[in-house]
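Participant: Just dropping this structure here.
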Amino acid sequence: MAHSSDGVNWMAVANTPFKEQIFRAPIAFGNGKFVAAHGNRPKTAYSSDGIWTGISNPCCIFFAITYGNDKFVAGGLDGVMAYSTGL
């Protein structure tokens, strides 16, 4: 993960729960929070203030995340879908 204040210059996030470098990490913003998925492992994380909290996904690896109707919705391998409750 990385962040930018101008969209040109980017800095790696130091406190990510994703310990290894990843190249396919879906991320979405909604309800004041960012939610990101690992993309290669069954792990998701969320943050409202730049401090990330990791969540295990025992069911699946997510390739896409979006926000709408007060829920984060994620899609993964073999058509698996999931949505958030309480984020």
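Participant: Hey, what do the phi angles of segment 66-73 turn into as Karplus ³J(HN,Hα) couplings, whole Hz, using 6.51/-1.76/1.60 and θ = phi - 60°, x for Gly and Pro?
Facilitator: Going residue by residue, I get 9, 10, x, 6, 6, 9, 8, 10 Hz, with x marking Gly and Pro.
Participant: Modelled label-to-label distance, D6 and T53, 7 Å Cα→beta-carbon offset: nm?
Facilitator: Modelled inter-label distance: 3.4 nm.
Participant: So how do V80, V35, V8, V13 line up by other beta-carbon neighbours within 10 Å, fewest first? Mind showing how you got there, number by number?
Facilitator: Values: V80 14, V35 23, V8 6, V13 17.
With the fewest neighbours first, V80, V35, V8, V13 line up as V8, V80, V13, V35.
Participant: Still on this model: For T66, T53, what ranking results if the residue with the fewest other Cβ atoms within 10 Å of its Cβ goes first? It would help to have the intermediate numbers written out before the result.
Facilitator: Working: T66 14, T53 10.
By the 10 Å Cβ count, ascending, the order reads T53, T66.
Participant: Using Cα pairs under 8 angstrom and six or more residues apart, how large is the relative contact order of the chain, in percent?
Facilitator: On the way: 168 pairs, mean separation 17.6, N = 87.
That works out to 20 percent.
No value in this document is a laboratory result; all are computed from the given coordinates. Everything quoted here is computed from the prediction, not taken from an experiment. Counting neighbours? That spans all protein chains shown, and the Cβs are built from the backbone with ideal geometry, glycine included.
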